[in-house]
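Novice: Below you'll find the structure I mean.
The values are calculated or read from the model by the stated rules, or taken from the named source; none is laboratory data. None of these values were measured; they are calculated from a predicted model. Quick reminder, even Gly has a Cβ in these numbers, built from the backbone with ideal geometry, and neighbours come from all protein chains shown.
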C-alpha cells in the first residue's frame, strides 16, 4: 500500500494483515441490492471497497444481492453498473449475483438442518415477532423448534418444491432465543416467495435471507474483508456464526464504518422512492436527487465525488457532512477545466445608440483567464445587447459598481458603456436601457487607459441563443430532513427555478453533460436527458460561491 495514501483504520487493518502474511492478496466486494438507484452514501462504499483492493493489487467483486425478486428490476441493475463504471472503477470479470450461488446456499441450509442447527418454523410472521422478545426480555422457543431432523428436511424439500404458500413456513437457524443480540434469536434463513426472479425465472420459490446469502457469498468468493456500514455491526455475530459452521478456507472478516450522511438530503431508498412515485421529483435521475445518476445528470464530475468521500474520511463515528464540502469539491474540479462563456439568465435589453446599426464586430475573448492554452474564441458584438437585469439599478446603494443612470461599466471583452436613458413601462418596470459606448475602450487594444470599477457580461441580441436554464438548489430546507416527522413538510419550494435565458452563440455545439462556466453566474452543462433535438436546456451544476455556508454551519451546530 502506498505511503502517500491516508491510512484510515480500515486501511491500517488491511496493511497489518498483508504485513503479517494473513492474506496473500486483498479481496473485497460491493454488494448492492438492485431495488433502486445508488446514492451519495454508496459512493463511500464503492470508493472504499474498490480503492483498498486497487491500492494493494487486490480484486473487487461487483455482486448483486438479488434475493428479493419482488422489489428488484433490470433498470436498477443497469443503472448500478453504469454508476460504478462512471465513478472510475472496473470489476473486470468479477460481476456476480447472489443468485449464482442459490444451489450452494441451499446445500448449506440442508447441511445445517442435518446438523440440527436449523429448523422449519410454521409460526406466522406476527407470532415470530411476539416469540422473539424485546431488547430487555428474552425470546421464547417456537413450538416447532423441536421438530426432528427428518421432518425439517422433508418440509424444506417441500418448500422448495412449491407445495406451500408465501409465509406458511420459514427456515430458521437454531441458535439461542435468550441471546442478548436479537439477531441471534433463531434468525430466518429462508422464506417462501412465489415470484419470478430476473435471472433464475421460476426455478426457485424459496429465497435466502440477506444475512445468510451475503455471508455465504463472501465465503464462496474468497472475500478477505467484508466492509459494511455501522448498522450491520449487530449482525456481525450472525455473520461469524454462519462462518463458524461453514469453515471456509479463506475466512472473511466483517469491518464496519460509519455511513456518509449528507446535509439537506435523504438517502433512505424508501423515501427516495416516495419522492419519485409522488412526482415530487422527475425521477431517480432528477438533478436534485442525491443519486449518483442524478448528480451525473446535474454535471458533477466523478473526480469531485471521489475527492469528496476522501475528504469525508472513513471513521466509526456517525457524521452529517456539509453540502458545502461536496459543492466545493465540484467547484475545485471544474475551476481549471471548464471553459468560460457568457449567458444572461434574466435579460434586460440594452441599445447602444451611437453604435452603427447593422454593424457586427467579432471580439476575441479568452476561454479561460488562467489557462491560456485553452485559447481564444470570438463573440459577436452589435448595437443591441442583453445584460442581467440585476446588473442595473435606478437608485443603487453607495457601493454598487454596475450600471446605473449616468453610470459607466465595462462589458466583458468589449467596451465601456454609459447609461444615458432608462425606458420603463406603465408599472415602472425597466424594459430597456439606452446607452452609448466609448469606441476607444475596446478590450485588449490598449488605446485607452480609462478605468471603471464594474465589469459585467452580455450577449448580442441578434446572435443570442434561446435556452431554458434550470437553477437547482437543495431539495430540503433543513439540514437533517431525517429528523422531520414528515419530510414533505421540509421540502424546499425553491429547489428548482427555470429561466428563459440568452446565450452566446458559442454554446450551440456543446455536448450533453459538458461543463462550462457562465461568467459570474456559476457552472452549467446541457441536460443529457433532454429528449427534444432542438431544445437547449442547461442545468446549473453549482454556483460560483457557497451562499449557504453560514446557514448550513449554524444548522449543523444545532444538530450536534
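Novice: Given the criterion over 21 Å from the mean Cα position of the chain (by Cα) and at positive phi, identify the matching residue among 444, 506.
Specialist: It is 444.
Novice: Could you say whether any residue in the stretch 169-179 is assigned to a helix (DSSP H, G or I) and either outside the structural domain of residue 46 (by TED's automatic domain parsing) or without any contact (Cβ under 8 Å) to a residue 12 or more places away in the chain (or both)?
Specialist: No: zero hits.
Novice: Please identify the pairs in which a residue from the stretch 355-366 that is surrounded by fewer than 17 Cβ atoms within 10 Å (Cβ to Cβ) has its Cβ atom under 6 Å from the Cβ atom of a residue that is assigned to a loop (DSSP other than H, G, I, E, B) and at pLDDT 95 or above, counting only partners at least 6 apart or on another chain.
Specialist: Short answer, once both residue conditions are applied: 357/383; 360/382.
Novice: Can you name every residue in the stretch 440-459 that is surrounded by fewer than 19 Cβ atoms within 10 Å (Cβ to Cβ) and assigned to a strand (DSSP E or B)?
Specialist: 455
Novice: Moving on to the next point. Could you list, in sequence order, all residues of the stretch 405-429 that are farther than 19 Å from residue 354 by Cβ, touching a strand residue (DSSP E or B) at 6+ places or on another chain (Cβ under 8 Å) and without any contact (Cβ under 8 Å) to a residue 60 or more places away in the chain? Give the steps one after another, and end with the answer.
Specialist: Narrowing the stretch 405-429 to residues farther than 19 Å from residue 354 by Cβ: 412-413, 424-429.
Those left that are additionally touching a strand residue (DSSP E or B) at 6+ places or on another chain (Cβ under 8 Å): 412-413, 424-425.
413, 424, 425, listed by residue number.
Novice: All but one of (1) within 23 Å of residue 69 (Cα to Cα); (2) crowded, with 16+ Cβ neighbours inside 10 Å hold for residue 162; state the number of the condition that does not hold.
Specialist: So the condition that residue 162 fails would be (2).
Novice: Keeping to the stretch 211-229, report how many residues are part of a strand (DSSP E or B) and surrounded by fewer than 18 Cβ atoms within 10 Å (Cβ to Cβ).
Specialist: Matching residues across the stretch 211-229 total 1.
Novice: Also: Could you list all residues from the stretch 465-491 that are without any contact (Cβ under 8 Å) to a residue 60 or more places away in the chain, surrounded by 14 or more Cβ atoms within 10 Å (Cβ to Cβ) and more than 16 Å from residue 281 (Cα to Cα)?
Specialist: 484
Novice: Report yes if residue 166 is more than 16 Å from residue 109 (Cα to Cα) and assigned by TED's automatic domain parsing to the domain that holds residue 212, otherwise no.
Specialist: Yes; evaluated as a whole, the condition is true for this residue.
Novice: Another question, then. Restricting to helices (runs of 4 or more DSSP H) lying wholly in the stretch 230-300: which have 1 or more residues that are under 20 Å from the mean Cα position of the chain (by Cα)?
Specialist: Working: elements: 236-246, 269-277, 292-298.
So the answer is 269-277, 292-298.
Novice: Can residue 390 be described as in a helix (DSSP H, G or I) and either modelled with pLDDT of 95 or more or not assigned by TED's automatic domain parsing to the domain that holds residue 524 (or both)?
Specialist: Against the criterion (in a helix (DSSP H, G or I) and either modelled with pLDDT of 95 or more or not assigned by TED's automatic domain parsing to the domain that holds residue 524 (or both)), residue 390 qualifies.
Novice: Related question: With the structure loaded, tell me whether residue 390 is in contact (Cβ under 8 Å) with a residue 24 or more places away in the chain and either within 22 Å of residue 345 (Cα to Cα) or surrounded by fewer than 17 Cβ atoms within 10 Å (Cβ to Cβ) (or both) or whether it fails that test.
Specialist: yes
Novice: Which condition from (1) over 30 Å from residue 473 (Cα atoms); (2) surrounded by fewer than 17 Cβ atoms within 10 Å (Cβ to Cβ); (3) in contact (Cβ under 8 Å) with a residue 40 or more places away in the chain is the one that residue 313 breaks?
Specialist: It fails just one condition, (1).
Novice: Could I ask something else about it? Pull up the stretch 112-123, narrow it to residues that are touching a residue at least 60 places away in the same chain (Cβ under 8 Å) and closer than 23 Å to residue 218 by Cα, then point me to the one that is farthest from the chain's Cα centre (by Cα).
Specialist: 115
Novice: Exactly one condition in (1) crowded, with 20+ Cβ neighbours inside 10 Å; (2) more than 23 Å from residue 316 (Cβ to Cβ); (3) under 18 Å from the mean Cα position of the chain (by Cα) is false for residue 85; which is it?
Specialist: Result: residue 85 fails condition (1) only.
Novice: How many of the residues in the stretch 128-144 are within 18 Å of residue 209 (Cβ to Cβ) and surrounded by fewer than 16 Cβ atoms within 10 Å (Cβ to Cβ)?
Specialist: Total satisfying the criteria: 1.
Novice: Quick one: how many residues across the stretch 180-210 are under 22 Å from residue 129 (Cβ atoms) and either part of a loop (DSSP other than H, G, I, E, B) or touching a strand residue (DSSP E or B) at 6+ places or on another chain (Cβ under 8 Å) (or both)?
Specialist: Matching residues across the stretch 180-210 total 15.
Novice: Next question. Looking for whichever is surrounded by fewer than 17 Cβ atoms within 10 Å (Cβ to Cβ) and in a strand (DSSP E or B) here; the options are 500, 494, 512, 462. Which one fits?
Specialist: Just one listed residue meets the conditions, 500.
Novice: Please indicate, with yes or no, whether at least one residue in the stretch 57-66 is more than 29 Å from residue 285 (Cβ to Cβ) and surrounded by fewer than 16 Cβ atoms within 10 Å (Cβ to Cβ).
Specialist: Looking through the stretch 57-66, at least one residue is more than 29 Å from residue 285 (Cβ to Cβ) and surrounded by fewer than 16 Cβ atoms within 10 Å (Cβ to Cβ).
Novice: On the basis of being free of Cβ contacts under 8 Å to residues at least 24 places away in the same chain, in the same structural domain as residue 204 (by TED's automatic domain parsing), closer than 22 Å to residue 245 by Cα and under 40 Å from the mean Cα position of the chain (by Cα), does residue 127 make the cut?
Specialist: No; evaluated as a whole, the condition is false for this residue.
Novice: State whether one or more residues within the stretch 180-195 are over 34 Å from the mean Cα position of the chain (by Cα) and surrounded by fewer than 16 Cβ atoms within 10 Å (Cβ to Cβ).
Specialist: yes
Novice: For the stretch 399-418, indicate whether the set of residues that are in a helix (DSSP H, G or I), on the phi < 0 side of the Ramachandran plot and either under 42 Å from the mean Cα position of the chain (by Cα) or not assigned by TED's automatic domain parsing to the domain that holds residue 354 (or both) is non-empty.
Specialist: no
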